[in-house]
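Q: A single structure is presented below for examination.
The values are calculated or read from the model by the stated rules, or taken from the named source; none is laboratory data. Because the structure is a prediction, the values reported are computed rather than measured. Every residue, glycine among them, receives a Cβ derived from its backbone with ideal geometry; neighbour counts consider all protein chains shown. To get the accessible areas, we keep the full protein, side chains included, count just its heavy atoms, and leave off ligands, DNA and RNA. Shrake-Rupley method; radii C 1.70, N 1.55, O 1.52, S 1.80 Å.
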Amino acid sequence: YILGPGDTVYISFNGLEMFSTRYTINPEGFLTLPEIGLFNVEGKTLNNLKKILTEKYKEFLFNPEIELSITNYRPINIFLRGQVNRPGLYTLGYLKDKSLSSNKGNNNYFVTPKLFDALQKGEGITLNADLTNISVIRKNPENFGGGQIEANINLLNLFQNGDLNQNIALRDGDIISISKSKTPLLDQLLDINRTN
């Protein structure tokens, strides 16, 4: 998960309870942290941020022990293009699962939006969609080289074989592109019609 504006991160400073609280990333991608002030965290992962903050706080604390967790996820924006009934930009939210959440600590459980949720937002696929060739382009975290990465999904495997690995979790900024099939496949259409 790549941090961005709107995310809320709980930062626990072991032994310094007055610093341990929730910090929200502002629209410019900064957290306002004790002793450090404004600190840019946009594009970083939690593990990457933990390493950086541990080093930064060595200037102010002896042997700092810092733990981070996300307590509130920002809504994600995805772009649907190609063979969908309503291509365009859509916003999907994380849903908090109250049945799994604990009242103690900061262990919140969220249900991540999936590829199938995005297709439902776009009001489904066209008759010419090639479900075996769906492309998802995503931002790559800074600590993994940045840029973009692409995955090809065969959603037909979900409909035919129940392969839930094809229904991938979405991230902010994902671009979902559904290719056009040379010929509509009857099997594809029959499987789609039997699903919700």
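Q: Which percent, nearest 5, of DSSP beta bridges in the chain are antiparallel?
A: Roughly 90 percent of the beta bridges in the chain run antiparallel, per DSSP.
Q: Under 5 Å between amide hydrogens, which residues at least 5 positions from residue 20 or on another chain qualify, with H placed 1.01 Å from N in the peptide plane?
A: 13
Q: Give me, ordered by chain and number, the residues 5 or more places off residue 85 or on other chains with an amide H under 5 Å from its own placed amide H.
A: Correct list: 124, 125, 126.
Q: Once label points are set 7 Å from the Cα along Cα→Cβ at both residue 114 and residue 128, what is their separation, rounded to one decimal in nm?
A: 2.9 nm
Q: Within the accessible area of region 28-102, what % is carbon and sulfur when the probe is 1.4 Å and the other protein chains stay in place?
A: Reported share for carbon and sulfur atoms: 50 percent.
Q: Say the cut-off is 31 Å between C-alpha atoms; which of 139/180; 44/182; 56/114 go over it?
A: With Cα atoms farther than 31 Å apart: 44/182; 56/114.
Q: Need the full-extension length gain, residue 164 to residue 33, defined as separation in residues times 0.36 nm minus the C-alpha distance. One decimal, nm.
A: 43.2 nm
Q: Using +1 at the Cβ of each Lys and Arg and -1 at the Cβ of each Asp and Glu in the chain, identify which of 91, 70, 47 lies farthest towards the dipole's positive end.
A: Going by the Cα projections, it comes out as 91.
Q: Among 162, 82, 43, which one shows the biggest mean-square fluctuation in a GNM of the chain, springs joining Cα atoms closer than 10 Å?
A: With Cα springs under 10 Å in the chain, the top fluctuation among 162, 82, 43 is at 162.
Q: While we're looking at this one, here's another question. What's the extension gain from residue 85 to residue 21 if we count 0.36 nm per residue and subtract their Cα-Cα distance?
A: 18.6 nm
Q: Continuing with this model, one more query. So who's got an amide H within less than 5 Å of the one on residue 71, skipping anything under 5 residues away but keeping other chains? H placed 1.01 Å off N, in plane.
A: 8, 9, 10
Q: Which whole-Hz couplings ³J(HN,Hα) result when phi for each residue of region 57-68 is put into the Karplus expression 6.51 cos²θ - 1.76 cosθ + 1.60, θ = phi - 60°, listed in order with x for Gly and Pro?
A: 6, 5, 5, 10, 10, 7, 6, x, 10, 10, 10, 10
Q: Using only Cα atoms, locate the centre of region 1-63 and the centre of region 144-163, then give the distance between them in Å, rounded to an integer.
A: For region 1-63 versus region 144-163, the Cα centre distance is 32 Å.
Q: Can you give me the P(r) profile for region 1-40? Cα pairs, bins 10 angstrom wide beginning at 0, each as a whole percent.
A: Spelled out bin by bin, region 1-40 gives 30, 54, 16, 0 percent.
Q: Work the Kirkwood hydrodynamic radius out for region 33-155: mean of 1/r over every pair of different alpha-carbon atoms, inverted, in Å.
A: Final number for the Kirkwood radius of region 33-155 is 17.8 Å.
Q: Hey, another quick one. Show me, for region 136-142, the HN-Hα J-couplings you get by feeding each phi into the Karplus relation (A = 6.51, B = -1.76, C = 1.60, θ = phi - 60°), rounded to Hz, glycine and proline as x.
A: 10, 9, 9, 5, 9, x, 3
Q: In percent, how large is the relative contact order of region 1-150, given Cα pairs closer than 8 Å and 6 or more residues apart?
A: Across region 1-150, relative contact order equals 20 percent.
Q: Give the residues of region 1-24 whose amide nitrogen is closer than 18 Å to a point set 7 Å from the Cα of residue 171 in the direction of its Cβ.
A: Within reach of a label on residue 171: 1-9.
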